[in-house]
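We did not get these values from a lab; they are worked out from the coordinates using the rules stated. No experiment lies behind these values; they were computed from the predicted model shown. Here the Cβ positions follow ideal geometry from the backbone for every residue, glycine too, while neighbour counts run over all protein chains shown.
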Amino acid sequence: MYSQGLIGTDSRSEETPEFLEAFQKRIDADEKIEPNDPMPEGYRKTLVRQIGQHAHSEIVGMLPEGNWITRAPSLRRKAALLAKVQDEGGHGLYLYSAAETLGVSRKQMTEELLSGKAKFSSIFSYPTLSWADIGAIGWLVDGAAIMNQIPLCRCSYGPYARAMIRVCKEESFHQRQGFEIMTVLAQGSDEQKEMAQDALNRFWWPALMMFGPHDSESSNGDQSMAWKIKRFTNDELRQKFVDATVPQAEYLGLTLPDPDLKYNEETGSYDFGAIDWDEFWRTVKGGGVMTRERLAARNKAWDEGEWVRDAALAHAAKRKARKEAAQHAAE
Amino acid sequence: MSSEIPLWEVFIRPRNGLAHRHCGSLHAADETMAIQAARDVYTRRGEGTSVWVVPSAAITASDPENKDENFEPAESKIYRHPTFYEVPDEVGHM
């Protein structure tokens, strides 16, 4: 989902050719770049944008699933979903911290999310209508996220790569719990199987869109590849995801909603039908079914939490003042 | 809008016998909340038995610009490593 973070990035740099060449040499030698190292402004900006949007996606991603916590069908499912949603919050925090090492403040990033200036992954602009959607999200959405994030563990920027390693370790459980939900539903009553199929029908194409635009439409892809921010192109990752997921759907006995999907003997991959790019761009640009609701929910949480943040800071200031007064008196 | 909440660096000891190790950072109003948040954010899967939090502003770091003058001299002094010296085969392990 996170290659969507690159859309519209200005990765041009105005540094001298010698500086850029020396930087590229470090990248080519697989050296990691750390926070205070010299880096082209385009590299920094691209990362701030990508990591920021990745973080926002984790935070907003808590909303569609949080919608089902109180209605999970068993205590086992509820405990797992709670843990998953808590993980997403944690992932957002690791990523915000990684972005902050590049000189952008948490406050600035929060404001950009709340105002709608910064984007989050298109996938979270779709509603979660039934319990099966929680299964489909874990299986497909987290599956696609893992496909995207595993190569990011080798990203040239150290703090981002380290955050990704933690995230990937934790996300494996997310995908498995989703697949387990789908398995139980697919092997259940006719109504349950129908529910699972309906969720798959609605989430399949949006999951493919998570990998971002076609390589030919992805204007900054080449520079990001050269800087080793990205290690695979959008289309390469999308193909890997399709190839990994088709046999899983067959196991479930569910049908992927794509009449053009078929195995290609020559390439050893599955060919798939055309993605509705109009829907993709509409959603990315803020016109998704749930985009406004998601932003409204984040704004509400932020506004209603303001007094808590203020009180915590006031309390800390008061304790600090008391401690200093006591020290002063003792001297 | 509130003012920026301070940043803390988090260090975790995975288990007794190992040193605390830097694992990330977080924002918290004071040290009590920083410890609680560190527990929630960084130890959800048994990653540690002890947490340190340090205000990020309290850390002094070496300047990456001076990396060569700081650390290159160590690389050229190979005689500081045991493999620099020859031990006769007859003597065996030393």
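Okay, here's what the table says:
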quantity: Residue mean of other protein chain beta carbons inside 10 Å, B:26-33; calculated: 5
quantity: Dimensions (Å) - region B:7-84, Cα atoms, principal axes, largest first; calculated: 48, 29, 15
quantity: Computed lengthening from A:Asn299 to A:Gln86, 0.36 nm per intervening residue step minus Cα-Cα distance; calculated: 74.8 nm
quantity: Whichever aspartates and glutamates have a C-alpha closer than 15 Å to that of A:Lys318, once near sequence neighbours (fewer than 8 apart) are set aside; calculated: A:Asp310, B:Asp30, B:Glu31
quantity: Gap separating the Cα centres of region B:70-94 and region A:137-203, nearest whole Å; calculated: 50 Å
quantity: Choice from A:Gly143, A:Gly90, A:Gly178 with maximal GNM fluctuation in chain A (Cα, 10 Å cutoff); calculated: A:Gly90
quantity: Among A:Ala163, A:Ala22, A:Ala314, residue whose mean-square fluctuation peaks in a GNM of chain A (springs only between Cα atoms under 10 Å); calculated: A:Ala314
quantity: Sites A:Ala325 and A:Gln187, calculated FRET efficiency, Cβ-Cβ separation with R0 60 Å, nearest 0.05; calculated: 0.35
quantity: Peptide A:89-95 - average C-beta neighbours from other chains (10 Å radius); calculated: 3
quantity: Projected-area mean, chain A, by convex hull of Cα positions, square nanometres; calculated: 21.7 nm²
quantity: Gap separating the Cα centres of region A:38-107 and region A:249-316, nearest whole Å; calculated: 13 Å
quantity: Residues A:Ser172, A:Ser74 arranged by fewest to most Cβ contacts within 10 Å; calculated: A:Ser74, A:Ser172
quantity: For chain A, built as a Gaussian network whose Cα springs stay under 10 Å, the top-fluctuating residue of A:Glu31, A:Glu279, A:Glu304; calculated: A:Glu304
quantity: Cross-link table A:Lys107/A:Lys300; A:Lys32/B:Lys77; A:Lys117/A:Lys285; A:Lys228/A:Lys285, entries beyond 18 Å C-alpha to C-alpha; calculated: A:Lys32/B:Lys77; A:Lys228/A:Lys285
quantity: Cβ neighbours within 10 Å from other chains - mean over B:41-49; calculated: 3
quantity: Projected label distance in nm at B:Ala19 and A:Val289, using a 7 Å step from Cα toward the beta-carbon; calculated: 5.3 nm
quantity: Theoretical ellipticity at 222 nm over chain A - DSSP helices of four or more residues, -39500 (n - 2.57) apiece, nearest 500; calculated: -20500 deg cm²/dmol
quantity: Difference of contour (0.36 nm per residue) and Cα-Cα distance, A:Lys78 to A:Arg231; calculated: 51.5 nm
